[in-house]
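Here is the structure we will look at.
The values are calculated or read from the model by the stated rules, or taken from the named source; none is laboratory data. Given the structure is predicted, the values throughout are model-derived calculations rather than measurements. Cβ: placed from backbone, ideal geometry, glycine included. Neighbour counts: every protein chain shown. Note: areas computed on protein heavy atoms with side chains; ligands, DNA, RNA excluded. Shrake-Rupley method; radii C 1.70, N 1.55, O 1.52, S 1.80 Å.
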Amino acid sequence: MYILGIESSCDETSASVSYHRKILSNTTINQVVHKEYGGVVPEIASREHLDLISKVVELALIDSGIKIDDIDAIAVTNGPGLKGALMVGVNFAKGLSISKNIPIIGVNHMEGHLFSNFIDLKEIKYPFLCLLVSGGHTQIWNVKKYKDYNLLSNTIDDAAGEAFDKGARLLGLSYPGGPEIEKLAKDGDLSKFKFPIAKIKDSENNFSFSGLKTSLYYLIKNNDKDMIHDNKHHIAASYQETILETLIQKIMLIAEKTKVYDAFVSGGVIANMRFRDKIDKLNSQPKYNINCPDMRYCTDNAAMICMAGYEKMINNKTSDLNLEVFPNLLMNQ
Ligand code: KG4
Ligand code: ZN
């Protein structure tokens with residue numbers, strides 16, 4: 001089954017072609033224009049998607065060697081994400097669906113991140129835990145079977161990616177902050193500064209990152225500029241370590257509580273090499289089997305939308321031309 005995937009929920013315009021669980025092409029254009037604003041500007045994102053989408057789809061088809069007439073279904077992200085940005089992808093997919101008479105499938109972006117782990121997999125073994133860590137989400141789900149997802153942990157304030165982005169901004173680094181902090185942290189001493197790992201009373205399963213951001217704010221505010229400047233790499237290393245350690249501790253807590261030690265992790269923050277090293281270390285304990293997607297499929301891309309679309313198709317869940325966008329869609333909706 002050939003699927004054309006389309007992703008436009010935030011600031012990446014992406015298209016991909018897949019055959020079953022194999023990716024034949026994946027073309028992604030990152031909208032760098034947002035860098036100068038220090039974050040994604042929704043109106044600009046929609047306009048950029050409009051400019052880029054047909055070119056990106058065309059390139060993905062050429063790269064795959066598959067003709068549009070051979071595509072069996074068009075999978076498109078219809079939530080969560082920025083409303084205008086989502087609408088560009090969905091409307092483009094609808095147009096293509098009508099003109100070429102190809103079925104359309106609405107895909108949940110977060111389910112796409114989860115399914116980025118299934119690329120090239122022959123068989124999916126349930127149950128497993130799923131840690132989703134992106135710019136807008138930090139959640140742990142218990143995945144019992146396809147479409148049977150139970151939310152066990154959620155952030156009560158900022159997402160982990162957001163903590164990277166806001167921390168980077170405080171340190172005068174550019175957007176997106178995760179890769180910038182990771183780069184700076186490489187030469188830093190992660191124990192030189194101490195940041196708090198939040199403990200939430202009466203909801204130990206959940207995450208909180210706003211206190212961490214506030215302590216970075218006061219560290220910068222209460223010390224002279226030269227000290228901060230000279231120690232920037234140590235601060236970045238300690239700040240990054242606190243976010244990543246929070247994620248690791250929470251996976252361990254939930255694994256112990258549920259006795260489920262198989263997990264898939266996904267989302268932009270998983271591109272962090274220090275985090276991947278920590279996962280490797282956890283996997284050295286025989287009971288853990290935690291999988292990360294290939295680096296190419298961590299941040300937003302349409303290959304993961306193809307995977308989620310394929311799973312929907314083989315479970316007979318297609319959409320129709322009334323497909324709407326849902327900016328706040330949860331993974332189990
Ligand atoms: O999944 P994603 O591409 O988009 C959303 O769905 O949000 O995730 C973007 C987030 C941003 O907050 C970005 O700073 C973070 O992922 N990120 C990273 C790294 N690369 C991207 N965080 C830490 N280390 C990285 N290398
Ligand atoms: Zn994402």
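When the stretch 174-186 is examined, which residues are found to be modelled with pLDDT of 95 or more and over 16 Å from the mean Cα position of the chain (by Cα)? Spell out the reasoning first.
So in the stretch 174-186, the residues modelled with pLDDT of 95 or more come out as 177-186.
If the condition is that a residue be modelled with pLDDT of 95 or more and over 16 Å from the mean Cα position of the chain (by Cα), then Glu180, Ile181, Glu182, Lys183, Leu184, Ala185, Lys186 are the ones that fit.
Looking at the stretch 27-39, can you tell me whether even one residue there is open to solvent by 30 Å² or more (accessible area, probe 1.4 Å), of a type outside the set (D, E, K, R), at negative phi and touching an Asp or Glu at 6+ places or on another chain (Cβ under 6 Å)?
yes
When Glu324 is evaluated against the numbered criteria (1) within 30 Å of Ala85 (Cβ to Cβ); (2) open to solvent by less than 10 Å² (accessible area, probe 1.4 Å), which criterion, by number, is the only one it fails?
The failed condition is (2).
Quick one: which residue in Phe193, Phe118 is in contact (Cβ under 8 Å) with a residue 60 or more places away in the chain and either open to solvent by less than 10 Å² (accessible area, probe 1.4 Å) or more than 17 Å from the chain's Cα centre (by Cα) (or both)? So that I can check it myself, show each step before the final result.
On the way: Phe193 fails: in contact (Cβ under 8 Å) with a residue 60 or more places away in the chain.
Step by step, each of Phe193, Phe118 is checked, and only Phe118 is in contact (Cβ under 8 Å) with a residue 60 or more places away in the chain and either open to solvent by less than 10 Å² (accessible area, probe 1.4 Å) or more than 17 Å from the chain's Cα centre (by Cα) (or both).
Can you run down the residue pairs with Cβ atoms below 8 Å, 6 or more apart or on separate chains, where the first is in the stretch 31-46 and assigned to a helix (DSSP H, G or I) and the partner is hydroxyl-bearing (Ser, Thr, Tyr)?
Here the result reads His34/Tyr175; Lys35/Ser174; Lys35/Tyr175; Tyr37/Tyr175; Ile44/Tyr37, each pair linking the stretch 31-46 to a residue that is hydroxyl-bearing (Ser, Thr, Tyr).
Only one of (1) within 16 Å of ligand 2 (Cβ to nearest atom); (2) aliphatic (A, V, I, L, M); (3) under 23 Å from Ala73 (Cα atoms) fails for Leu323. Which number is that?
For Leu323, the exception is condition (1).
Applying the selection to the stretch 266-312, what residues are more than 14 Å from ligand 1 (Cβ to nearest atom), more than 16 Å from Tyr19 (Cα to Cα) and assigned to a helix (DSSP H, G or I)?
If the condition is that a residue be more than 14 Å from ligand 1 (Cβ to nearest atom), more than 16 Å from Tyr19 (Cα to Cα) and assigned to a helix (DSSP H, G or I), then Asp280, Lys281, Leu282, Asn283 are the ones that fit.
Is it the case, given these coordinates, that Lys250 is away from ligand 2 (no atom under 16 Å from the Cβ) and without any contact (Cβ under 8 Å) to a residue 12 or more places away in the chain? Please lay out each step first, then the result.
Numbers: away from ligand 2 (no atom under 16 Å from the Cβ): yes; without any contact (Cβ under 8 Å) to a residue 12 or more places away in the chain: no.
Judged against the criteria, Lys250 is not a match.
Among the numbered conditions (1) out of contact with any strand residue (DSSP E or B) (no Cβ under 8 Å at 6 or more places or on another chain); (2) surrounded by fewer than 20 Cβ atoms within 10 Å (Cβ to Cβ); (3) closer than 30 Å to Asn154 by Cβ; (4) of a type outside the set (Ser, Thr, Tyr), tell me where Ile98 comes up short.
Of everything listed in (1) out of contact with any strand residue (DSSP E or B) (no Cβ under 8 Å at 6 or more places or on another chain); (2) surrounded by fewer than 20 Cβ atoms within 10 Å (Cβ to Cβ); (3) closer than 30 Å to Asn154 by Cβ; (4) of a type outside the set (Ser, Thr, Tyr), Ile98 misses just condition (3).
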